[in-house]
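> Following this message is one structure expressed as structure tokens.
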Amino acid sequence: MKFATANLMLCVLWLTSCQSPNIRPAPEFNGDLIAAGKQEIAKAPAQDKNLYRLITALHALKLGQHKVARELFDEAMPSAGQILKADASTRMAKSLFSPENVKGFHGEPYERVMGWFYRGVIYWMDGEAENARACFRTAQLMDALAEKAKYRADWVILDYLDGFITTKLGKDGAEALKRAQSNAGKNKLPDYDKNANVLFVLQTGFGPVKQSGGDVGEELIYDGGYSGTQSIRVTVKDQKVTAPIFDNITHQASTRGNRSMDMILARKATVKKTADTIGDIGTVPGVVLMDFEDTREAGLTLLGVGLIGKFIGGSVEPRADTRTWNNLPQHLSFASLQLPAGKHQAIIQFLDASGTALPELQKSVMLNVQTGRDTVVFVADQ
């Protein structure tokens with residue numbers, strides 16, 4: 001009997017130690033970022049492919065490989081933009097025994113916003129200003145379902161660029177500028193210059209990373225991003241413009257409010273904790289009672305109930321999906337200049353809170369300004 005009891009105890013310990021599998025993090029690419037990213041896309045399970053497309057697309061944009069970036073964003077965005085459409089994998093994630101990360105990666109609202117934002121930037125680079133504006137408006141829509149009204153559609157750069165393009169197209173962008181300024185707070189946004197033909201889309205730092213919190217990992221929380229940059233100075237010959245920080249990505253991620261999935265995960269967590277408690281109440285006393293002949297039957301029953309509780313508790317998957325688009329920035333900014341056609345060297349300096357340039361982050365960009373079209377330059381400090 002003691003041998004059987006020991007075996008039962010081993011089963012209890014095994015069931016107790018069962019945990020939800022760790023969610024596979026996005027990799028840190030080394031060497032050829034584009035080639036490595038494409039390899040990750042190819043070997044990733046179907047539900048993760050969009051994540052790696054987005055990561056690789058942003059690497060390509062930073063490296064000036066705009067065609068690659070455009071193709072990857074175009075593959076990823078149709079899925080990322082379908083907020084209200086529940087596909088089969090999303091329904092599966094709602095069941096008790098399926099983790100949230102089985103669903104196809106569509107990203108949290110801030111990640112969807114960034115996907116549409118970058119796609120708009122690429123359209124602008126290609127000379128398609130109206131398509132760029134449509135993307136910026138779609139990006140703002142991605143943020144329109146925040147729990148608190150004051151955080152809905154509050155991205156400064158999206159409204160600012162919407163109005164900027166509207167102005168350049170010969171219409172009135174004042175309303176969009178007003179919305180942007182109301183969300184910018186104390187940061188005074190520059191007035192629109194419809195004659196500006198060189199446009200700098202700027203980003204700094206490292207964005208937020210998702211983590212699981214709560215008693216059993218059911219809460220989605222954010223490890224805040226970081227950037228030492230508080231403003232950006234662009235210099236081309238004798239022209240200088242200092243751009244403020246328009247948006248903070250960690251702020252955008254963390255002000256979304258509760259998701260419908262949060263309620264589902266909370267229910268899963270309650271089931272898991274209740275089942276674990278029943279398991280704890282049943283297993284140990286049940287094993288003890290089985291050592292005595294007159295209580296063996298009761299002990300076996302109690303142990304059975306406890307083991308079932310442990311099995312259910314170990315099978316429920318309440319963990320939040322922490323897959324993260326992990327090369328997003330912390331800050332977004334924008335600057336514009338009017339330059340004659342020809343080649344120009346631009347110096348981009350990233351400034352700290354005191355206005356001092358951070359020399360290790362300085363970038364130099366060669367511009368080729370053409371007559372009759374905008375030159376759109378994307379610059380990241382990291």
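> Tally the residues that are modelled with pLDDT of 95 or more and more than 23 Å from residue 346 (Cβ to Cβ), restricting the search to the stretch 183-206.
1
> Which condition does residue 197 not pass, out of (1) on the phi < 0 side of the Ramachandran plot; (2) in contact with a helix residue (DSSP H, G or I) (Cβ under 8 Å, 6 or more places away or on another chain); (3) surrounded by 18 or more Cβ atoms within 10 Å (Cβ to Cβ), if it passes all the others?
Condition (2) is where residue 197 drops out.
> Are any residues in the stretch 341-363 surrounded by 12 or more Cβ atoms within 10 Å (Cβ to Cβ), touching a residue at least 40 places away in the same chain (Cβ under 8 Å) and more than 30 Å from the chain's Cα centre (by Cα), and if so, which ones? Before the answer, list the steps.
Start the filter on the stretch 341-363 by keeping residues that are surrounded by 12 or more Cβ atoms within 10 Å (Cβ to Cβ), which leaves 341, 344, 346-352, 357-358, 361-363.
Those still in the list that are touching a residue at least 40 places away in the same chain (Cβ under 8 Å) too: 344, 346-352, 357-358, 361.
Listed by number, the residues that qualify are 344, 346.
> Looking at the stretch 128-145 only, could you name the residues that are among the acidic types (Asp, Glu) and either within 16 Å of the chain's Cα centre (by Cα) or within 13 Å of residue 77 (Cα to Cα) (or both)?
143
> Please specify each residue of the stretch 179-203 satisfying the condition of being more than 23 Å from residue 375 (Cα to Cα), touching a strand residue (DSSP E or B) at 6+ places or on another chain (Cβ under 8 Å) and outside any loop (DSSP other than H, G, I, E, B).
184
> How do the pairs read when you match residues in the stretch 118-142 that are closer than 24 Å to residue 152 by Cβ with residues anywhere that are among the basic types (Lys, Arg) and part of a helix (DSSP H, G or I), using Cβ under 8 Å and keeping only pairs 6 or more apart or on different chains?
Here the result reads 119/70; 120/133; 135/119; 139/112; 142/112, each pair linking the stretch 118-142 to a residue that is among the basic types (Lys, Arg) and part of a helix (DSSP H, G or I).
> Within the stretch 366-379, count every residue that is free of Cβ contacts under 8 Å to residues at least 60 places away in the same chain and touching a His at 6+ places or on another chain (Cβ under 9 Å).
Residues in the stretch 366-379 being free of Cβ contacts under 8 Å to residues at least 60 places away in the same chain and touching a His at 6+ places or on another chain (Cβ under 9 Å): 2 in total.
> So which strands (runs of 3 or more DSSP E) stay within the stretch 319-375 end to end and still have 3 or more residues that are small (Gly, Ala, Ser)?
Filter on the stretch 319-375 gives 331-337.
> Quick one: is residue 176 assigned to a loop (DSSP other than H, G, I, E, B), hydrophobic (A, V, I, L, M, F, W, C) and farther than 22 Å from residue 381 by Cα?
So residue 176 does not fit the description; no.
The rows are residues; the columns are (1) modelled with pLDDT of 95 or more; (2) assigned to a helix (DSSP H, G or I); (3) hydrophobic (A, V, I, L, M, F, W, C).
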{"site": "132", "(1), (2), (3)": "yes, yes, yes"}
{"site": "140", "(1), (2), (3)": "no, yes, no"}
{"site": "145", "(1), (2), (3)": "no, no, yes"}
{"site": "153", "(1), (2), (3)": "no, no, yes"}
{"site": "160", "(1), (2), (3)": "yes, yes, no"}
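> OK, next. Would you confirm whether any residue within the stretch 167-176 is modelled with pLDDT of 95 or more, more than 14 Å from residue 333 (Cα to Cα), buried (at least 16 other Cβ atoms within 10 Å of the Cβ) and within 26 Å of the chain's Cα centre (by Cα)?
Yes, the stretch 167-176 has at least one match.
> Please go through the stretch 207-255 and pick out each residue that is hydroxyl-bearing (Ser, Thr, Tyr), over 20 Å from the mean Cα position of the chain (by Cα) and part of a loop (DSSP other than H, G, I, E, B). Give the derivation first.
In the first step, residues of the stretch 207-255 are kept if they are hydroxyl-bearing (Ser, Thr, Tyr); the result is 212, 222, 226-227, 229, 231, 235, 242, 250, 254-255.
Checking which are over 20 Å from the mean Cα position of the chain (by Cα) leaves us with 229, 231, 235, 242.
Hit for the stretch 207-255 is 229, nothing else.
The values are calculated or read from the model by the stated rules, or taken from the named source; none is laboratory data. Keep in mind the model is a prediction, meaning the values are calculated, not measured. Glycine also receives a Cβ, built like all others from the backbone with ideal geometry; neighbour counts cover every protein chain displayed.
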